[in-house]
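Engineer: Got a structure here, written out as structure tokens. Questions coming.
The values are calculated or read from the model by the stated rules, or taken from the named source; none is laboratory data. What you see is a predicted model, and the numbers here were worked out from it, not measured in a lab. Ideal geometry is used to build each Cβ from the backbone, glycine not excepted, and the neighbour counts take in all protein chains shown.
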Amino acid sequence: MKKALVVVATIIALCIALSGIACEAAGKHFEGIRIRYFVGGDPGCPFGSVVYKGALAAQEDLGCKVDFVFSGWNSDKMVAQFRDAIAARPDGIAMMGHPGYDALKDLVDEAYERGILVTFQNVDVAESREKYVYAGYVGQRLYESGYNLGKEAVKRFGLEKGDRAAIEGPWEQPYRTFREKGVAEALEEAGLIVDRISRVHEWTMNPTLMVPTFSGYILSHPDVKLIEAQALRGAKLVMEAVGKKPGEIKWIGFDIDPGIIDGFEEGYIQLTLDQQPFLQGYLPILNLCMAIKYGFSGLFIDTAGSYIDETNYKVVAELAAEGYR
């Protein structure tokens, strides 16, 4: 029996080796396909860097050629770059949906008229996705993710009717506030008083810039018990500025990066929902390759995978440091 198992194992190993040689000789599966991929942020952006890493991995694994576009999370810039992407005539475009349907619909139509497939990541453009069978979406269900985070915060922290919370968001851009709206409405359903703080884009890259706004808010609303913010890495800076100890105000939000991991370690951040941006880089490129080569319809994948808190952040800490989470 032992000798038979050795023979079987040897045959399997030989088959794997021969398969690898055949694949190498044939080239990678999606060679010759050219894709324009929108990363969203600037190079070095904490979230965008993970998205970029996922997209790079897809290019390496699949063999397609990917041209990367960085937009600084600026919707107007994305629209202009989308127009340039169409002019370059790639086989497919993986597009961030931040500008919204009204801004993108004509360009999406033009791309498909020219035979360029378009799919979406990070922010859904449901109207265009429903119109074109090859258009998918990889990212959070934005409103649902926010709503669920708000409900989870109420349950975990024992929040009650009359308690005060603050939600940071780009409130002047309704198409980009589905997630924040979900958090706010979940808290308001529980009877909380919810204040809305307008987001400044630069806070994401430089959290020190958020300190005056948030410090002023806390000092004028000393009863605040919960803050949801995108630039969670700034929680410690704000709390120290107003003389608050870790945990006196609960800070919640989305995503993880080394700065957020430090916030958990030091007790300044209590809860975040990981939307797994690596997948938002990798899977839209796979979506386009499969659609272009085989005609498969668009993938629709909710990447909002799990809650991260003080009990489990260490599980992903090393992966966050390496840029995968």
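Engineer: For the structure I just gave you, tell me whether G169 is of a type outside the set (V, I, T) and more than 26 Å from K77 (Cα to Cα). If you could, list the steps in order and put the result at the bottom.
Structural biologist: Numbers: of a type outside the set (V, I, T): yes; more than 26 Å from K77 (Cα to Cα): no.
No; evaluated as a whole, the condition is false for this residue.
Engineer: Further question: Go over the candidates L237, L219 one by one and state the one that is more than 17 Å from the chain's Cα centre (by Cα), among the aliphatic types (A, V, I, L, M) and surrounded by 16 or more Cβ atoms within 10 Å (Cβ to Cβ).
Structural biologist: Step by step, each of L237, L219 is checked, and only L237 is more than 17 Å from the chain's Cα centre (by Cα), among the aliphatic types (A, V, I, L, M) and surrounded by 16 or more Cβ atoms within 10 Å (Cβ to Cβ).
Engineer: Sort through S71, S75, S128, S49 and tell me the only one that's without any contact (Cβ under 8 Å) to a residue 40 or more places away in the chain and closer than 23 Å to A231 by Cβ.
Structural biologist: From the options S71, S75, S128, S49, the qualifying one is S71.
Engineer: Being of a type in the set (V, I, T) and in a loop (DSSP other than H, G, I, E, B) is the filter here; which residues of the stretch 171-214 pass it? Talk me through it step by step, then tell me what you get.
Structural biologist: Kept after step one, since they are of a type in the set (V, I, T), are these residues of the stretch 171-214: 177, 183, 193-194, 197, 200, 204, 208, 211, 213.
T177, V200 - these are the residues of the stretch 171-214 that are of a type in the set (V, I, T) and in a loop (DSSP other than H, G, I, E, B).
Engineer: Something else now. If we keep just the residues of the stretch 191-214 that are surrounded by 18 or more Cβ atoms within 10 Å (Cβ to Cβ) and at pLDDT 95 or above, which is farthest from P43 (Cα to Cα)? Quick ask: steps written out before the conclusion?
Structural biologist: Initial filter on the stretch 191-214 (surrounded by 18 or more Cβ atoms within 10 Å (Cβ to Cβ)): 192, 194, 197, 199, 203-204, 207, 210, 214.
With the extra rule that they be at pLDDT 95 or above, the set shrinks to 192, 194, 197, 210, 214.
On the way: L192: 38, V194: 34, I197: 27, M210: 21, F214: 27 Å.
By that ranking, first place goes to L192.
Engineer: Which fully enclosed helices (runs of 4 or more DSSP H) of the stretch 242-325 have 1 or more residues being assigned by TED's automatic domain parsing to the domain that holds L117 and among the polar types (S, T, N, Q)?
Structural biologist: Where helices (runs of 4 or more DSSP H) fall fully within the stretch 242-325 and carry at least 1 residues being assigned by TED's automatic domain parsing to the domain that holds L117 and among the polar types (S, T, N, Q), they are 277-294.
Engineer: Just checking, how many residues over the stretch 215-233 are at pLDDT 95 or above and either in contact with a helix residue (DSSP H, G or I) (Cβ under 8 Å, 6 or more places away or on another chain) or assigned by TED's automatic domain parsing to the domain that holds V51 (or both)?
Structural biologist: 8
Engineer: If you don't mind, another one. Which residue, of V118, V108, is of a type outside the set (F, W, Y) and in a helix (DSSP H, G or I)?
Structural biologist: V108
Engineer: Of all residues in the stretch 63-96 being outside any helix (DSSP H, G or I) and at pLDDT below 95, which is surrounded by the most Cβ atoms within 10 Å (Cβ to Cβ)?
Structural biologist: Ranking the candidates gives W73 first.
Engineer: May I pose another question? Only residues that are aliphatic (A, V, I, L, M) and more than 15 Å from the chain's Cα centre (by Cα): list them for the stretch 49-71, please.
Structural biologist: Those that are aliphatic (A, V, I, L, M) and more than 15 Å from the chain's Cα centre (by Cα): L56, A57, A58, L62, V66, V69.
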